[in-house]
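Reviewing the structure listed below.
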Amino acid sequence: MSTEERADQLVRDADPGGLGMLGDLGGVKQTLLEDIVSESLVRRTVGSAPRRLWVRRFAGVMTAAAVLVSIVPASMVLRGQGEDDAVSPLVSAGARAGAVFPPSAVEAAERSPRLLVDQTGWTVAALSEFSQDYGTVRFRRGARELEMNWYPASVYADRYANQRETGPGRSVRVDDWPADVFQSLSGDFTVLLRPRDDLVVEIKSSENWSRKDLDRVLAAIVRVDARTWLAVLPAEMVVPVRERAAKVLADVPLPPGFDMAALEEIGVSDSYQFSVGVTSRVGCGWIEQWRRATAGGDEEAARQAAEALRGSHGWRVLRDMDQAGDWPEVFWRYADEVAAGTSPTGYVEALGCR
């Protein structure tokens, strides 16, 4: 099927009765043609070459811990549909209108910016650090990615100054939210939204976008209510924490006194980031037991902790994660030191212990 024929088919599908319910069908067809051609060019240029995973680091007012992010693809579209048959994320959310979400997830969503790309083909690729003050959600369509980060409004001046170093910005609006667009020397764009509701949002594109590409996507970004935003997320991201944790911990020995209730703090996140949050707490618990036992001369407790950490190389969750990111390597570094009888240093920051 040619590009022209594909666009005609999509327009017919959108208005099967020929009633003109979409308004200017000629304009719709032209937009579809541009999207199809643009997507085809990207596919031919980029192909299926592996993409470098983005790493998000917090500094200054943020916790000084590097979090290695793995992209775990997940779809916002209805189950059983491919990208060519995808629907708008808001249509997809409507299909899950009756979904029940954990109260903690709804509360967190209500405090977040709740922005989404309401354009056919965009999917949620990753979600992490989902809280009142910080968060990352990454959208993907084909070879293109768009990452949204939010921070406390107090960091706006510093982030604006950092972006100004690349040159003057261009004023835009994102769902009527004033913002400035900056382009780096490498070609990627950063859109810095001005403070609102005590938050500042920073949107970053992957490389090889044109301004026309960016403007089209920015025009499709909308702010929605908490339940709609949660309904757009892949269902596995909003499963109750205890249910998700039970699967992660199926073959993981827990340190005495491990607080399952504290896992609620991890909240809504993709599978990789959720597993990081769970295993970090397990690792921290065993290391602390080993340190206390070693200092107090409790050989049995020290041996128990060392054996548990030595066995972490066999934990299914870490073996699975090792195929997608570097978290297991970080974890095993400190686990191996304890197993060898060496007191670890730097593990509090590296593993996010509290």
Q. Can you work out ³J(HN,Hα) from phi for every residue in segment 258-264, in order, using Karplus 6.51 cos²θ - 1.76 cosθ + 1.60 and θ = phi - 60°, giving whole Hz and x for Gly and Pro?
A. 4, 9, 5, 4, 5, 5, 4
Q: Could you work out the equivalent-ellipsoid semi-axes for segment 249-331, taking the square root of 5 times each eigenvalue of the Cα gyration tensor, largest first, in whole Å?
A: 24, 15, 10
Q: Would you mind calculating the gained length between Arg194 and Glu264 on full extension (0.36 nm times residue separation, minus the Cα-Cα distance), in nm to one decimal?
A: 22.1 nm
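What part of the accessible area of segment 134-188, given as a whole %, is carbon or sulfur when the probe is 1.4 angstrom? Before the final figure, lay out the partial values.
Details: 1150 of 2450 Å².
C and S fraction of accessible area: 47 percent.
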**Q.** segment 217-233 residues near the modelled Val172 label - backbone nitrogen below 14 Å, point 7 Å along Cα→Cβ
**A.** 217-222
Q | Estimated inter-spin distance, Leu254 and Arg310, nm [label 7 Å along Cα→Cβ] | A | 2.4
Q: Return the sequence-ordered ³J(HN,Hα) values of segment 295-300 in whole Hz as given by the Karplus equation 6.51 cos²θ - 1.76 cosθ + 1.60 applied to θ = phi - 60°, using x for Gly and Pro.
A: 5, x, x, 8, 5, 5
Q. If you take the beta carbon distance between Arg292 and Asp322 as r and set R0 to 25 Å, what does 1/(1 + (r/R0)^6) give as a FRET efficiency, to the nearest 0.05?
A. 0.30
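What is the local net charge at Asp251, summed over the other residues whose Cβ is closer than 13 Å to its Cβ (Lys, Arg +1; Asp, Glu -1)?
After counting each charged neighbour, the total is +2.
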**Q.** P(r) of segment 238-287 over all Cα-Cα pairs, binned every 5 Å from zero, in whole percent
**A.** 4, 21, 38, 25, 9, 2, 0
(Q) In whole Hz and in residue order, list the ³J(HN,Hα) couplings for segment 278-283 that follow from phi through the Karplus curve 6.51 cos²θ - 1.76 cosθ + 1.60, θ = phi - 60°; x for Gly and Pro. (A) 6, 5, 5, 5, 5, x
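Counting only protein heavy atoms and using a 1.4 Å probe, what share of the accessible area of segment 223-354 belongs to carbon plus sulfur, as a whole percent?
Reported share for carbon and sulfur atoms: 50 percent.
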Q: State the percent of C-alpha pairs, over all pairs in segment 183-324, separated by a distance greater than 25 angstrom.
A: 52
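The values are calculated or read from the model by the stated rules, or taken from the named source; none is laboratory data. Everything numeric here is computed off the predicted structure, so don't read it as measured data. Positions of Cβ are generated from backbone atoms using ideal geometry, with glycine treated the same way; all protein chains shown enter the neighbour counts. All accessible areas refer to the heavy atoms of the entire protein, side chains included, with ligands and DNA or RNA removed. Shrake-Rupley method; radii C 1.70, N 1.55, O 1.52, S 1.80 Å.
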